[in-house]
1. Suppose we keep only residues that are surrounded by 16 or more Cβ atoms within 10 Å (Cβ to Cβ), touching an Asp or Glu at 6+ places or on another chain (Cβ under 7 Å) and touching a residue at least 12 places away in the same chain (Cβ under 8 Å) within segment A:39-64. Which one would you say is farthest from A:Gly89 (Cα to Cα)?
2. Quick one: count up the residues across segment B:185-195 that are crowded, with 16+ Cβ neighbours inside 10 Å and not charged (D, E, K, R).
3. Of everything in segment A:97-112, what is under 15 Å from A:Leu160 (Cα atoms) and within 14 Å of chain B (Cβ to nearest Cβ)? Give them in sequence order.
4. Is there any pair with a first residue in segment B:201-212 that is in a helix (DSSP H, G or I) and a second that is modelled with pLDDT under 95 whose Cβ atoms are under 9 Å apart and which are 6 or more apart or on different chains, and what are they?
5. Going by what's in this entry, would A:Leu12 be described as within 13 Å of chain B (Cβ to nearest Cβ), surrounded by 17 or more Cβ atoms within 10 Å (Cβ to Cβ) and either in contact (Cβ under 8 Å) with a residue 60 or more places away in the chain or of a type in the set (A, V, I, L, M, F, W, C) (or both)?
6. Looking at (1) surrounded by fewer than 24 Cβ atoms within 10 Å (Cβ to Cβ); (2) modelled with pLDDT of 95 or more, which is the only condition B:Ser81 fails?
7. Which numbered condition in (1) within 30 Å of B:Leu70 (Cβ to Cβ); (2) of a type in the set (Val, Ile, Thr); (3) part of a helix (DSSP H, G or I) is the only one that B:Val178 fails?
8. Given the conditions (1) away from chain A (no Cβ under 13 Å); (2) assigned to a helix (DSSP H, G or I); (3) of a type outside the set (Val, Ile, Thr), and given that B:Phe140 satisfies all but one, which numbered condition is not satisfied?
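The values are calculated or read from the model by the stated rules, or taken from the named source; none is laboratory data. Computed from a predicted model, the values in this text were never measured in an experiment. In this analysis, Cβ positions are derived from the backbone assuming ideal geometry, glycine residues included, and neighbour counts consider all displayed protein chains.
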Amino acid sequence: METKPSEIVIELDNVEKCFGQQKVLNGVSLQVRAGTTTVIVGASGQGKSVILKHMLGLMRPDSGRVVVFGQDLAQSNTKQLRDIRSNFGVLFQNVALFDSMSVYDNVALPLRERTHKSEADIRVDVEEKLALMGLEDHGAKFPAQLSGGMQKRVGLARALVLNPRVVFFDEPTTGLDVSKSNEIYRLFFETQARLNYTAVIVSHDVPKIFKLSDVVALMADGKLQGCMSPEAFQLSDNPLIRSFVLETMGPIYSSETEETLLYETL
Amino acid sequence: MNLIATLGAETLRVLELLGRFGLFLLTCLYCAVTPPYKIAPIVRQIRFIGAHSLFVISFTGLFTGMVLSLQGYYTLAKFGSVGFLGAAVSLSLIRELGPVIGALMVIGRAGSAICAEVGIMRNSEQIDALECMAIDPYRFLIAPKLIAGLIAMPLLTCVFDVVGIFGGFLVGVELFDVSAGAYFQGMYSSVGWHDIEMGLVKSVVFGLLLVWICAAKGFFLHLERDGGFGAEGVSRTTTSAVVIASVSVLVWDYLISAVLL
């Protein structure tokens, strides 16, 4: 499963998903290429997290295919699915830390369960990741003793501790103030440059999230609209994208000149 | 027509539920008997299910034995057979009341906690997080509880029986002046290995039932028909798990008794 620079690591092909009578995904198609950052934006309740859960194999599509590293997730057995997921790191929206474990144990868990490393080696890896997140003094604390921003950083440390090939971020800055959000974005930049992972981000933190992305797609009407560079996304003629951009970015976007101004303000 | 459709849908729902729970049990048992074996989580769970239940089991056992002795004494006295008090108390406890009341107590104390713990982990995406980290939640989370239930329940039942027999002794011998020798001789001559075996078989089955039902209810919280989300969902599911596990214990108690008697 060696990754080439432009290899497609994740492909959604005409994915449909219904919950009862409600069709949440109505023919979603997307390609995520290795080493890139793909951002899925959209209003709440449009199914952004549902797409992420399909990529993670936590949900199965009613029709269509989700192919990860060349393997159709729906055709994969439990072991194959686990092998695929061993290349994943996930930062959940509500972090999903194990609240009965300390910060150290939370970050050490994937190493203890998935590798045969000694406790001494695990300590080295965990301390390195905690230091990277600026949490070196908080290993003994429990998640409930940390602020929301610190919990996100612990979640990120846990997601990165096995140096995954693909990292998924589900609303990474939800519930954080501006400075904490910027801190998470800074850590994202730093860790991606260092570990060179492919990132898939679900977010509604527009326009800030555009700065992180190579590809932006809008989830609307059960489909992904766009799948283009952030610059092209903001200039798109697609009425759904145009309407979303105007709603989220306001009158600052109206011409190419003003778009440049917007980037300068970020 | 509507009635038939509803009946059909309900039947399918129950079959799906049974299938889901059955697969859950088989997966957990498979994880419990295949490597890698990790002792520490099992010991932690034995401590939680077993050691932490010792007080409530001892307390319940003591009073169950005492009330058995009290009731038994007045009943046997009518037939002039108070000498059989030891046999009556010990047989009732070892064959029936020890495993059943012990299991009901452990369901209330540990079963509800297991269901709530797993349910909250499901609600807060911790189980999803395990799966995304390629960690098998059945092996990591449920299998140690299942093994611990199978080990702890027979031990707790033994404690219940011994304390219950002592409680019966306190009331029968100390309060009603039944001869201590007659009390223990009656027990010695009437209780056989077969009775102890029946009690132990029941306790193992009940240990399996309580962990299986309570853990599965929490694990599949998100699939509950009336919605398992939020604190209310966890509370409702936990209540339902305790009720189902308790009723299952009573049903299986009858079935095992019918087979082994």
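1. Taking segment A:39-64 as the starting set, the residues that turn out to be surrounded by 16 or more Cβ atoms within 10 Å (Cβ to Cβ) are A:39-42, A:46-59, A:61, A:64.
Subsequent filtering for residues that are touching an Asp or Glu at 6+ places or on another chain (Cβ under 7 Å) retains A:49, A:52, A:58, A:61, A:64.
Checking which are touching a residue at least 12 places away in the same chain (Cβ under 8 Å) leaves us with A:49, A:52, A:61, A:64.
On the way: A:Ser49: 15, A:Leu52: 12, A:Pro61: 21, A:Gly64: 24 Å.
This residue is A:Gly64.
2. As a first pass, look at segment B:185-195 and keep what is crowded, with 16+ Cβ neighbours inside 10 Å: B:186-187, B:191, B:195.
Now drop any that are not not charged (D, E, K, R), which leaves B:186-187, B:191.
Here the count works out to 3.
3. Here is the first cut: in segment A:97-112, the residues under 15 Å from A:Leu160 (Cα atoms) are A:97, A:103-112.
Result: A:Leu97, A:Asp105, A:Asn106, A:Val107, A:Ala108, A:Leu109, A:Pro110, A:Leu111, A:Arg112.
4. B:Val201/B:Leu260; B:Lys202/B:Leu260
5. So A:Leu12 fails the test.
6. For B:Ser81, the failing item is (2).
7. The number of the failed condition is (3).
8. Condition not satisfied by B:Phe140: (1).
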